[in-house]
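This report concerns only the one structure given below.
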Amino acid sequence: MRTKLGCVAGLAVLAASTIVFGGPSGGDISGKVTYEGTPARQKPIDMSKEPSCAQQHPTPITTETVVVGPGNALQNVVVYISAGAPDESSPPNQAATVTQKGCQYLPHVIPMIVNQELKVVNADPTSHNIHPLAKTNHEWNKSQPPGTPPFSEKFDKPEFIPVKCNIHPWMHSTFAVLKNSHYTVSGEDGSFSLPNLPPGKYTLTAWHESYGEQTQDVAISGSETKTINFVFKAKPY
Ligand SMILES: [Cu+2]
């Protein structure tokens, strides 16, 4: 394995001397996630029981189970390579971070890799009790009073874990614990991009917390860009 990697590194050095722009080679997958039908209307959240959070939202925020944008864009969809790519041999040095602010989880969906450090931040002047409802991983819940420093956790198995706060029933999030670094989350316009995929055959999965998941197979050869779109059927409410 090391010899192979060394060989690739050697080639990269050679390539860098002849090509003006170096950089990682490989193909890209990009596309858009949309919905069809009528998505459930998100409900305003009543935070009056927690005034320190309520006052952070001059306009009341709504639930985030389904977040949509113009052109039927569907946000907060985790798009990732579920098969065909090797598992990450070691977790990235950089931590994934979830911040509790205004009695919300920011961001709403937090992707991370198996055994990657997850930093939990409380930016509110009130206590939270973060409780990932893990089934495959070890389940835990931790109270985090205001002003206490962030704490770190990690999950050692891949799993999509619903997260709640034991104090504020409206707080919901998902920890997406994935096996490799080829993942992204669809943005406001539903678009996504997975760069730097070595040639190969992959299964691409798109996961949404309410609409479930879809998969598509895609083959990458050379440095092409493949366009893959996902359309989810909106669940009536
Ligand atoms: Cu809370």
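Rule-based calculations on the coordinates, nothing more; no lab input. Everything quoted here is computed from the prediction, not taken from an experiment. Heads up, the Cβs are rebuilt from the backbone with ideal geometry, glycines too, and the neighbour counts pull from every protein chain shown.
Out of the residues in region 123-168 that are of a type in the set (D, E, K, R) and within 16 Å of the ligand (Cβ to nearest atom), state the one that is farthest from residue 212 (Cα to Cα). If you could, list the steps in order and put the result at the bottom.
Going through region 123-168, the residues of a type in the set (D, E, K, R) turn out to be 124, 135, 139, 142, 153-154, 156-157, 159, 164.
Now narrow it down to the ones that are within 16 Å of the ligand (Cβ to nearest atom): 124, 142, 164.
Numbers: 124: 32, 142: 28, 164: 19 Å.
Restricting to residues being of a type in the set (D, E, K, R) and within 16 Å of the ligand (Cβ to nearest atom), the top hit is 124.
Within 16 Å of the ligand (Cβ to nearest atom) and of a type in the set (A, V, I, L, M, F, W, C): does that describe residue 171?
Numbers: within 16 Å of the ligand (Cβ to nearest atom): yes; of a type in the set (A, V, I, L, M, F, W, C): yes.
Criteria met by residue 171.
Test of understanding: among 98, 114, which residue is in contact with a strand residue (DSSP E or B) (Cβ under 7 Å, 6 or more places away or on another chain) and closer than 30 Å to residue 60 by Cβ? Break it down stepwise before answering.
Working: 114 fails: closer than 30 Å to residue 60 by Cβ.
Only one candidate qualifies: 98.
Take the conditions crowded, with 18+ Cβ neighbours inside 10 Å and more than 16 Å from the chain's Cα centre (by Cα) and apply them to residue 128. Does it pass? Give the derivation first.
Numbers: crowded, with 18+ Cβ neighbours inside 10 Å: yes; more than 16 Å from the chain's Cα centre (by Cα): yes.
For residue 128, the condition - crowded, with 18+ Cβ neighbours inside 10 Å and more than 16 Å from the chain's Cα centre (by Cα) - is met.
Which ones in region 84-96 are touching a residue at least 40 places away in the same chain (Cβ under 8 Å) and within 17 Å of residue 175 (Cβ to Cβ)? Show your work before the answer.
We begin by selecting, within region 84-96, every residue touching a residue at least 40 places away in the same chain (Cβ under 8 Å); these are 84-88, 91-92, 95.
Selection gives 88, 91, 92, 95.
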